[in-house]
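Read through the structure below, which is laid out as structure tokens, and then see the notes.
The values are calculated or read from the model by the stated rules, or taken from the named source; none is laboratory data. In this text the structure is predicted, and so the values were computed from the model without any measurement. Please note: Cβ atoms are built from the backbone with ideal geometry, for glycine as well, and neighbour counts cover all protein chains shown.
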Amino acid sequence: MRSQSFKLFLFCGLLASCAQGNLRRHISSESRARIQLFESHHDGALQETPDLALGDEIVVKISELEPLTKYHLRFETNIGKRLYRSEFHVVSSEKGQTQSSPGPDVSVFSESPEDLFWSMVDSGEVPEAPRTFRVTVLNGDEVSAVRTFPFVGRRGTVDEVATPLKTPHKFFVPKSGVTPGLPVIISFSGSEGGLKAGEEESVYFAHRGYPALGLAYFNAPGVNKDLLRVDLELFRQAIGFLRSHPQFQHSPIVLNGVSRGGELALLLGSLLPEVSGVIARVPSSVVWQGMTQKTFTTDELEPELPPFIVDGGEVPYVNWTGKYADHKMSDGSVAKIRTPWFLDSREKNKTAYQRAAIPVEKIRGPLLLLGGRDDLLWPSCLFMQEIEERLKSSNYAYPVISSCAENAGHGAVRLPLGPPTTVEISVHAVTKARLFLGGTPEGNGRGQRKFRQLMINFLKTNFRP
């Protein structure tokens with residue numbers, strides 16, 4: 001039997017929990033394929049891994065297949081009680097190689113690597129179980145190989161560090177040690193609040209060599225329940241801890257936030273001189289009003305709600321005066337889109353809008369701005385344009401990288417290996433509103449890959465040891 005390898009680059013949500021026992025009974029003893037999983041590092045090196053984690057860039061390698069033979073490839077992942085699946089057909093090359101992107105002496109089964117995950121479709125209900133990712137290789141009706149990989153929250157490459165901070169947080173460092181000169185990355189949530197987003201993103205960065213601190217600033221024990229009158233002193237305290245720690249007292253500090261978190265990252269960067277750079281994903285150019293449990297779910301507009309407090313005073317903000325719009329989905333259900341709401345508020349509150357503009361020119365370091373051209377939660381690319389114009393008019397002295405992905409919505413900036421981008425409805429964690437975030441499954445899937453690469457390149461280029 002001639003050896004064959006098949007490589008796939010996986011960029012989205014990985015999970016699936018279906019027993020392998022029945023399938024294994026049908027695997028031919030004469031035709032067994034070997035399935036391996038590799039993690040692709042930013043330097044191009046591949047390392048075999050028995051599992052997957054959020055944000056991974058994964059290579060699936062299938063070997064020991066018959067040459068010049070047609071195979072049916074099935075990829076499955078489970079989220080909650082739903083199973084998602086994508087399927088491909090491929091003919092092995094004469095030299096026994098096939099992969100998802102062009103290469104020498106290989107057959108190619110898809111136009112681009114990320115096709116595997118953005119094309120996953122809902123394949124029905126399954127018992128709720130821990131997340132897994134399953135690969136099945138079939139030759140006609142015969143199963144040549146099947147293997148299931150677990151999804152893990154944190155790998156052994158990351159250590160958690162205890163701190164004296166009172167704010168809900170998680171601090172992670174690379175197990176291999178902290179490299180002097182690399183930044184500490186502080187991550188936090190958007191309008192959902194809580195610690196989950198900050199923790200997940202901190203694990204992601206620590207696995208790639210960066211000390212990373214995840215913070216909760218509302219909707220968690222010990223901090224405000226709602227995004228109302230949040231005292232930004234808690235971020236000063238976090239930076240104070242880093243500056244008092246002998247390992248991090250000279251480390252650059254980079255803020256990383258998504259949506260309302262991107263808005264906050266820009267605001268904090270303009271207020272805190274210790275900040276050396278900002279990653280703002282689908283951000284706003286202005287500070288918007290605060291939020292409560294009923295925001296977005298009623299026709300009534302709430303009274304003025306200040307979101308942030310600095311040195312005892314309210315940060316200027318814009319009230320919402322517009323309304324959301326209904327959007328009919330392909331399955332006939334109705335979801336809400338909010339971009340018209342923000343555009344209307346921007347037009348009707350021009351004076352307040354100008355007053356609430358974030359003074360991004362005061363940030364003392366490079367900026368990375370990421371957005372989706374088809375963002376239906378709010379007009380992130382328009383906001384990014386306003387940020388760039390303000391920086392240009394002030395002769396901003398630091399590098400600015402701005403990228404808006406085509407056919408991408410608000411969810412395109414999520415880390416890969418979360419829910420497949422075919423899951424179009426997002427249920428807000430606080431308000432429980434059903435939201436359509438915009439973009440196409442393909443555009444959002446490829447946007448996730450592009451933005452992940454831009455984040456790592458931004459850090460490598462601007463913050464070298």
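So here's what we get for this one:
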quantity	calculated
Residue check, Pro221 touching a strand residue (DSSP E or B) at 6+ places or on another chain (Cβ under 6 Å) and either outside the structural domain of Glu57 (by TED's automatic domain parsing) or of a type in the set (S, T, N, Q) (or both)	no
Of residues in the stretch 128-174 being within 24 Å of the chain's Cα centre (by Cα) and of a type in the set (S, T, N, Q), the one surrounded by the fewest Cβ atoms within 10 Å (Cβ to Cβ)	Thr157
Residue within the stretch 327-337 that is surrounded by fewer than 16 Cβ atoms within 10 Å (Cβ to Cβ) and either aromatic (Phe, Trp, Tyr) or in contact with a His (Cβ under 8 Å, 6 or more places away or on another chain) (or both) present	yes
Cβ-Cβ under 6 Å pairs, at least 6 apart or on other chains, the stretch 342-363 side closer than 10 Å to Thr321 by Cα, far side part of a helix (DSSP H, G or I)	Arg346/Tyr353
Residue in the stretch 266-283 that is under 18 Å from Gln453 (Cα atoms) and in a helix (DSSP H, G or I) present	no
Verdict on Pro211 being without any contact (Cβ under 8 Å) to a residue 24 or more places away in the chain and either more than 18 Å from Leu368 (Cβ to Cβ) or among the hydroxyl-bearing types (Ser, Thr, Tyr) (or both)	no
Some residue of the stretch 210-227 being surrounded by fewer than 19 Cβ atoms within 10 Å (Cβ to Cβ) and assigned to a helix (DSSP H, G or I)	no
Residue within the stretch 52-70 that is of a type in the set (S, T, N, Q) and crowded, with 22+ Cβ neighbours inside 10 Å present	no
Set Leu437, Leu454: member being closer than 23 Å to Phe342 by Cβ and modelled with pLDDT of 85 or more	Leu437
Where a residue in the stretch 110-134 is farther than 21 Å from Leu52 by Cα and its partner, wherever it lies, is assigned to a loop (DSSP other than H, G, I, E, B) and modelled with pLDDT under 75, with Cβ under 7 Å and at least six apart	Ser110/Ser100
Residues satisfying the stated conditions in the stretch 228-262, i.e. surrounded by fewer than 18 Cβ atoms within 10 Å (Cβ to Cβ), of a type in the set (S, T, N, Q) and in a loop (DSSP other than H, G, I, E, B)	Gln247, Gln249
The stretch 79-88, residues that are under 21 Å from the mean Cα position of the chain (by Cα) and farther than 19 Å from Val137 by Cβ	Ile79, Gly80, Arg82
Residues located in the stretch 304-327, provided they are over 28 Å from the mean Cα position of the chain (by Cα), under 17 Å from Pro379 (Cβ atoms) and of a type in the set (Val, Ile, Thr)	Thr321
Strands (runs of 3 or more DSSP E) (entirely within the stretch 75-148) containing at least 3 residues that are under 25 Å from Asn444 (Cα atoms) and at pLDDT below 85	none
The stretch 46-71, residues that are closer than 23 Å to Ser92 by Cα and under 30 Å from the mean Cα position of the chain (by Cα)	Leu46, Glu48, Ile58, Val59, Val60, Lys61, Ile62
Unmet criterion (only one of (1) within 20 Å of the chain's Cα centre (by Cα); (2) outside any loop (DSSP other than H, G, I, E, B); (3) not acidic (Asp, Glu)) for Gly193	(2)
Scan of the stretch 198-209 for residues that are crowded, with 22+ Cβ neighbours inside 10 Å and touching a strand residue (DSSP E or B) at 6+ places or on another chain (Cβ under 7 Å), ordered by number	Gly198, Glu199, Glu201, Ser202, Val203, Phe205, Ala206, His207
Filter result (more than 19 Å from Met455 (Cβ to Cβ) and at pLDDT 80 or above) within the stretch 36-51	Gln36, Leu37, Phe38, Gln47, Glu48, Thr49, Pro50, Asp51
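One line per residue, one yes/no per condition, for (1) of a type in the set (D, E, K, R); (2) under 30 Å from Lys350 (Cβ atoms); (3) surrounded by fewer than 21 Cβ atoms within 10 Å (Cβ to Cβ); (4) in contact (Cβ under 8 Å) with a residue 24 or more places away in the chain:
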position: Gly372; (1), (2), (3), (4): no, yes, no, yes
position: Leu391; (1), (2), (3), (4): no, yes, yes, yes
position: Tyr396; (1), (2), (3), (4): no, yes, yes, yes
position: Gly439; (1), (2), (3), (4): no, yes, no, yes
position: Lys450; (1), (2), (3), (4): yes, no, yes, yes
